[in-house]
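This report refers to the structure that appears directly beneath it.
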Amino acid sequence: MPGPPVTIGCAVVLSPGAAGPPDSGFITVITQMAATANGMPLATVGSICQMVNSLSGAPYPLPIGSGGSGSVTISGSALVRMGDMIPSGPGVLTILGPPAAPFINDQGTP
């Protein structure tokens, strides 16, 4: 799904979550530092999300699985954009936002 790139602090939802119902979280670690927007590194596949189990409240880390932009890669990893739905862990990770740079819009297919 085309959209603007995201960075640290971007909200995400994993459905189904680790225990069944959707889990929520946000991007906390970005593994590349080569590309930035507004001074923030852009998230790529492999970036880490801090998730919260919706039943127990236990936090857990979740790397962003393979997916993202089919057109833009940074250091060999696909760019992650607002609106992307990426298979990760036990379900599909939906990237909610906010965007790192709303003035950039990757129109490439997932």
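The values are calculated or read from the model by the stated rules, or taken from the named source; none is laboratory data. Please read these numbers as outputs of a predicted model, since none were measured by experiment. Here the Cβ is made from the backbone with ideal geometry for all residues, glycine too, and neighbour counts use every protein chain on show. In case anyone asks, the SASA skips ligands and DNA or RNA and just uses the protein heavy atoms, side chains included. Shrake-Rupley method; radii C 1.70, N 1.55, O 1.52, S 1.80 Å.
At-a-glance table
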{"read-out": "Some residue of segment 23-42 being of a type in the set (Asp, Glu) and at pLDDT below 95", "value": "no"}
{"read-out": "Enumeration of residues in segment 74-91 that are outside any loop (DSSP other than H, G, I, E, B) and surrounded by 14 or more Cβ atoms within 10 Å (Cβ to Cβ)", "value": "Ile74, Ser77, Ala78, Leu79, Arg81, Met85, Ile86, Ser88, Gly91"}
{"read-out": "Of residues in segment 92-110 being at pLDDT 90 or above, among the β-branched types (Val, Ile, Thr) and open to solvent by 10 Å² or more (accessible area, probe 1.4 Å), the one nearest to Ser15 (Cα to Cα)", "value": "Val92"}
{"read-out": "Selection within segment 92-110 - in a loop (DSSP other than H, G, I, E, B) and either free of Cβ contacts under 8 Å to residues at least 60 places away in the same chain or over 15 Å from Thr28 (Cα atoms) (or both)", "value": "Ala101, Pro102, Phe103, Ile104, Asn105, Gln107, Gly108, Thr109, Pro110"}
{"read-out": "Hey, Ser69 modelled with pLDDT under 95, touching a Gly at 6+ places or on another chain (Cβ under 6 Å), under 19 Å from Thr94 (Cα atoms) and surrounded by 14 or more Cβ atoms within 10 Å (Cβ to Cβ) or not", "value": "yes"}
{"read-out": "From Asp106, Asp84, residue being farther than 23 Å from Ala19 by Cβ and under 11 Å from the mean Cα position of the chain (by Cα)", "value": "Asp84"}
{"read-out": "Matching entry among Gly76, Gly89 (being under 15 Å from the mean Cα position of the chain (by Cα) and modelled with pLDDT of 90 or more)", "value": "Gly89"}
{"read-out": "Whichever residue in segment 47-66 is part of a loop (DSSP other than H, G, I, E, B) and open to solvent by less than 30 Å² (accessible area, probe 1.4 Å) and, among such residues, is farthest from Asp84 (Cα to Cα)", "value": "Asn53"}
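The rows are residues; the columns are (1) among the acidic types (Asp, Glu); (2) over 21 Å from Ser75 (Cα atoms); (3) within 14 Å of the chain's Cα centre (by Cα); (4) surrounded by fewer than 19 Cβ atoms within 10 Å (Cβ to Cβ).
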| position | (1), (2), (3), (4) |
| --- | --- |
| Pro2 | no, no, yes, yes |
| Pro5 | no, no, yes, no |
| Gly9 | no, yes, yes, yes |
| Pro16 | no, yes, no, yes |
| Pro21 | no, yes, no, yes |
| Ser24 | no, yes, yes, yes |
| Thr28 | no, no, yes, yes |
| Asn38 | no, no, no, yes |
| Thr44 | no, no, yes, no |
